[in-house]
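Since the structure comes first, as structure tokens, the remarks are kept for the end.
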Amino acid sequence: MSSEILQQGAEAKIILSNDFIIKDRIKKSYRIKELDDKIRKQRTKAEAKLLEKASRIINAPKPFFTPDFYQIKMPFIQGKKLSENLDSFSLEKQKEICMEIGEEIAKLHKEDIIHGDLTTSNMILVENREAKTYFVDFGLGFQSRKIEDKAVDLHLLKQALEARHFKNWKILFEEIVKGYGNYEESNRVLERLKAVEKRGRYKH
């Protein structure tokens, strides 16, 4: 059985094992062992539950059962990381992809799922007969009905586009907003987004 570590962050290791991805939550030596075990178990369970729900609504990897309390096992999504590839497409294709991203976020928000880390690094483009964008890494995600939380979700994505895809970021975010318009509360969320941005501007 071949396995390799694809990524290691502060919270978890991402391991590719055959055709599966295993997200393994790292022990924190600065925490009391019992507390650390409890926190890791709770966070892993919460993320798996959110991912399971999201995978029924949008393109997201559906987790498999695993007896390990600190791991999430899911299919390996064979595709292109959007953060590294979006800029290489024609503007027309970039706009199509972003319109679809907006539609997918609308579906999540309609079900009160907040991704918590909406960046193109957490999106994988799969090009088969039709291109589809898969959302991954719900580690910072949670359930919420609050308009504020949904606005912050969009705010993070807007910032990520500006930082990573600065050449066309305004056009691309407009497409995301168009796709997001499918959500009946979209106007309220976009209004709140303006307030969130103002707060950010006056924080300094």
- Place a +1 charge on the Cβ of each Lys and Arg in the chain and a -1 charge on the Cβ of each Asp and Glu, then give the dipole magnitude about the Cα centre in debye, rounded to the nearest 20. 720
- Query: Length gain on complete extension for the stretch residue 142 to residue 174, per 0.36 nm per residue less the alpha carbon to alpha carbon distance?
  - Reply: 9.0 nm
- Along Cα→Cβ, 7 Å out, is where each label goes; now give me the distance between the ones at residue 130 and residue 3 in nm to one decimal. 3.7
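Within the range 3-75, what percent of beta bridges assigned by DSSP are antiparallel, to the nearest 5? Please list the in-between numbers first.
Working: 17 of 17 bridges.
Around 100 percent of the beta bridges assigned by DSSP in the range 3-75 are antiparallel ones.
Taking R0 as 25 Å, what FRET efficiency do you get between residue 17 and residue 52 from their Cβ-Cβ distance, rounded to the nearest 0.05? Intermediate values should be presented prior to the final figure.
Numbers: r = 20 Å, r/R0 = 0.80.
Approximately 0.80, to the nearest 0.05.
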- Item | Coordinate range along principal axes, alpha carbons of the range 3-75, Å, largest first | 37, 26, 21
- Message: Need one number: % antiparallel among DSSP beta bridges in the chain, to the nearest 5.
- Response: 100
- Item | Within straight-line cross-link reach of residue 93, aspartates and glutamates at Cα separation under 20 Å, skipping those fewer than 8 residues along the same chain | 84, 103, 104, 127, 130, 162, 174, 175
- Note on the structure: In whole Hz, the Karplus estimates of ³J(HN,Hα) for the range 157-163 (6.51, -1.76, 1.60; θ = phi - 60°; x where Gly or Pro) are 5, 4, 5, 5, 5, 4, 6
- Which order do the peptides 27-40, 69-82 take when ranked by the mean count of other beta-carbon atoms within 10 Å per residue, highest first? 69-82, 27-40
- Query: Using alpha-carbon positions, what is the distance between the centroids of the range 1-38 and the range 129-185, in Å?
  - Reply: 27
- For the pair residue 10 and residue 38, the simple spin-label estimate (label points 7 Å beyond Cα toward Cβ) gives in nm 2.2
- Query: Based solely on its DSSP helices, what 222 nm [θ] is calculated for the chain when runs of n ≥ 4 H residues each add -39,500 (n - 2.57) and the sum is averaged over all residues, nearest 500 deg cm²/dmol?
  - Reply: -15000 deg cm²/dmol
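Read-outs throughout are calculated quantities, based only on the coordinates presented, and are distinct from any laboratory measurement. The structure presented is a predicted model; accordingly, all values stated were derived computationally and were not measured. Quick reminder, even Gly has a Cβ in these numbers, built from the backbone with ideal geometry, and neighbours come from all protein chains shown.
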